[in-house]
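*Asks:* Here it is, the structure, as structure tokens.
Every read-out reported here was derived from the displayed coordinates using simple, explicitly stated rules and does not represent laboratory data. What you are looking at is a predicted structure, and each value in this text was computed from that prediction instead of being measured. Neighbour counts are summed over all protein chains in view; Cβ atoms, including those assigned to glycine, are modelled from backbone coordinates with ideal geometry.
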Amino acid sequence: MHDTRPRARRWRTRLVLWTLAPALLLGGGLPLRAAADDAIPPATMTEAENIYRSRCISCHGPGGKGDGAAAAALNPKPRDMTDAAWQKSVTDAHIEQIIQDGGPAVGKSMMMPANPDLKSRPELIKALRAVVRKFGS
């Protein structure tokens, strides 16, 4: 069967496939992270890191491994955010929803609390998501 698309369009399609094929075949997949994390103002990142230390560290631990002081008493255990497979498997939107609405909003543990005070602060939720993503690098 003859390809009736214009030659330039066929080459563009091939170029895209050649570019993506190695990553897809090697299990790299497509990036799930937003490229604009560096656009988060430093003051907002500092605030997010302080929120992590005050609200999240007791369960998720200082390194994001799910080994905080309160983790021993929890079932299920908190997420190990350093797990590369998990980091690849979740979208930024999913992480942001968990931060804002808590575990039950995405079918996870009811022990992961919501942060309703952050609903009006999407830039801070984005910064907290960046904190979570840093654990995977």
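*Asks:* For residue 92 and residue 117 in the same chain, what is the full-extension length gain: residue separation times 0.36 nm, less their Cα-Cα distance, in nm?
*Replies:* 7.0 nm
*Asks:* Name the shape class, rounded, prolate or oblate, that the alpha-carbon gyration tensor gives for the range 41-135, where a ≥ b ≥ c are the square roots of its eigenvalues, rounded holds for a/c under 1.5, and otherwise prolate holds if a/b is larger than b/c and oblate otherwise.
*Replies:* Verdict is rounded for the range 41-135.
*Asks:* Take the Cβ-Cβ distance between residue 53 and residue 109 as r, set R0 to 25 Å, and report the resulting FRET efficiency rounded to the nearest 0.05.
*Replies:* Efficiency, from the Cβ-Cβ distance: 0.75.
*Asks:* A further question follows. Taking residue 77 as the anchor, which lysines have their alpha carbon closer than 23 Å to its alpha carbon, excluding any fewer than eight residues away along the same chain?
*Replies:* 65, 88, 108, 134
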